[in-house]
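A.B. asks: Next up is a structure, given as structure tokens.
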Amino acid sequence: MHLYKLFITAFVLSIVSGIIFFAAYMSGIFELITLMPNTGEPSLNEPYMGNPFLLFKTLLSPTLIVSLIVLSISSLLNKVLGIVFIARNPTISEGTKVIWILGFVFASFIASIVFFVLRRSNNLLATKETRNTTAFPEFHQDAYS
């Protein structure tokens, strides 16, 4: 269950960092728009045209870079943990595992939401008890029956 809490934490962290990244990106874009001249043609006297570092400073702000790094790491962790949960579950058929793994590889955010919704109803989180009883059912039968 410890890995599942890490999976949830990575998912929530990726959502929060994605929102912060989007807000920082839009803030940089709007700042550049406000620095643009009111006339249709840019001139070298404008603040962003004479100093290209101002353009890079606006587009590559520390908030934007840090949120992008956190978003990348948490999304990758979410994707890897989702694949691990599915691959290690003996109650899921091989074909279903392939579909889940492809879902986590190509659409991790959507697959994570579906995983949260279906995890209890479809037994997507195999506990130690279900792993032991489903992997080798002959060892768990009553010997005297």
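The values are calculated or read from the model by the stated rules, or taken from the named source; none is laboratory data. These numbers were taken from a predicted model, which means no experiment stands behind them. Glycine gets a Cβ as well: all are built from the backbone with ideal geometry, and neighbour counts include every protein chain shown.
A.B. asks: Can you spot a residue in the stretch 35-53 that is closer than 30 Å to Ile15 by Cβ and at pLDDT 60 or above?
C.D. replies: No, the stretch 35-53 has no match at all.
A.B. asks: Also, I was wondering about something else. Quick one: would you say Ser61 is modelled with pLDDT under 90 and touching a helix residue (DSSP H, G or I) at 6+ places or on another chain (Cβ under 9 Å)?
C.D. replies: Taking the combined requirement at face value, the residue satisfies it.
A.B. asks: Being basic (Lys, Arg), over 19 Å from the mean Cα position of the chain (by Cα) and at pLDDT below 85: is that true of Arg88 here?
C.D. replies: Considered against the rule, which asks whether it is basic (Lys, Arg), over 19 Å from the mean Cα position of the chain (by Cα) and at pLDDT below 85, Arg88 comes out as no.
A.B. asks: Tell me, yes or no, whether the stretch 77-94 has at least one residue that is free of Cβ contacts under 8 Å to residues at least 40 places away in the same chain and closer than 17 Å to Ile15 by Cα.
C.D. replies: yes
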